[in-house]
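Please read the structure below before turning to the comments.
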Amino acid sequence: MDDQSDLPFTSPGRDRYFEDYEQGAVHILGTVTADEDEMLAFASLYDPQDIHISPEEAAKGPFGAIIASGWYTAGLMMRLFARHYLSNVSSLSSPGLTDLKWPTPVFAGDELTVRLTIESTRRSKSDPSRGIVQSAVEVTNQKGAVVMSVKGVNFIACRTS
């Protein structure tokens with residue numbers, strides 16, 4: 001599901017600024033399906049381990065089948081994060097991520113939901129035209145198991161300086 005225009009934090013123009021990101025707010029950014037062909041193609045290019053690219057070898061392994069590369073899962077999360085959380089008018093950049101974890105494997109056909117909590121917000125001391133937003137993201141499968149978690153920081157332009 002890529003449209004998901006009915007999500008609460010999604011507005012048509014996505015004209016959100018730092019002031020619109022509220023500490024403590026929780027947002028569901030959408031749901032996406034892990035597609036087997038996409039998983040295999042991604043892993044073939046970027047993470048060519050047998051558990052990601054060889055059905056025969058993966059069947060012998062600890063998961064009994066091919067699992068998605070964690071980096072593929074991160075890419076699916078990022079698609080929803082960019083489309084439904086960041087704003088085209090104010091997203092400036094990110095200095096990085098921490099605490100990246102993949103506690104549960106992702107299998108083809110899994111429905112993944114991205115949930116984000118805004119942990120803190122503050123205006124930049126060195127550049128008051130932008131704010132710093134720290135978020136925690138959890139990706140869960142259709143059974144409610146966490147398949148990925150990560151914390152991130154984003155620089156967001158302020159509506160007023």
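What follows draws every value from the coordinates through simple rules; no lab data is involved. Everything numeric here is computed off the predicted structure, so don't read it as measured data. Methodologically, a virtual Cβ is constructed for each residue, glycine included, from the backbone with ideal geometry; neighbour enumeration extends over all protein chains shown.
Return a yes/no flag: does the range 72-94 have any residue that is closer than 30 Å to E19 by Cβ, surrounded by fewer than 18 Cβ atoms within 10 Å (Cβ to Cβ), in contact with a Ser or Thr (Cβ under 7 Å, 6 or more places away or on another chain) and charged (D, E, K, R).
no
Six or more apart or on different chains, Cβ under 9 Å: which pairs go from a residue in the range 57-80 that's without any contact (Cβ under 8 Å) to a residue 24 or more places away in the chain to one that's among the hydrophobic types (A, V, I, L, M, F, W, C) and not in a loop (DSSP other than H, G, I, E, B)? Could you list them?
Cβ pairs passing all conditions: E57/I51; A58/I51; G61/I51; P62/I51; G64/A58.
What residue, among those in the range 122-149 that are surrounded by 19 or more Cβ atoms within 10 Å (Cβ to Cβ), within 26 Å of S90 (Cβ to Cβ) and in contact (Cβ under 8 Å) with a residue 60 or more places away in the chain, is farthest from the chain's Cα centre (by Cα)?
R130
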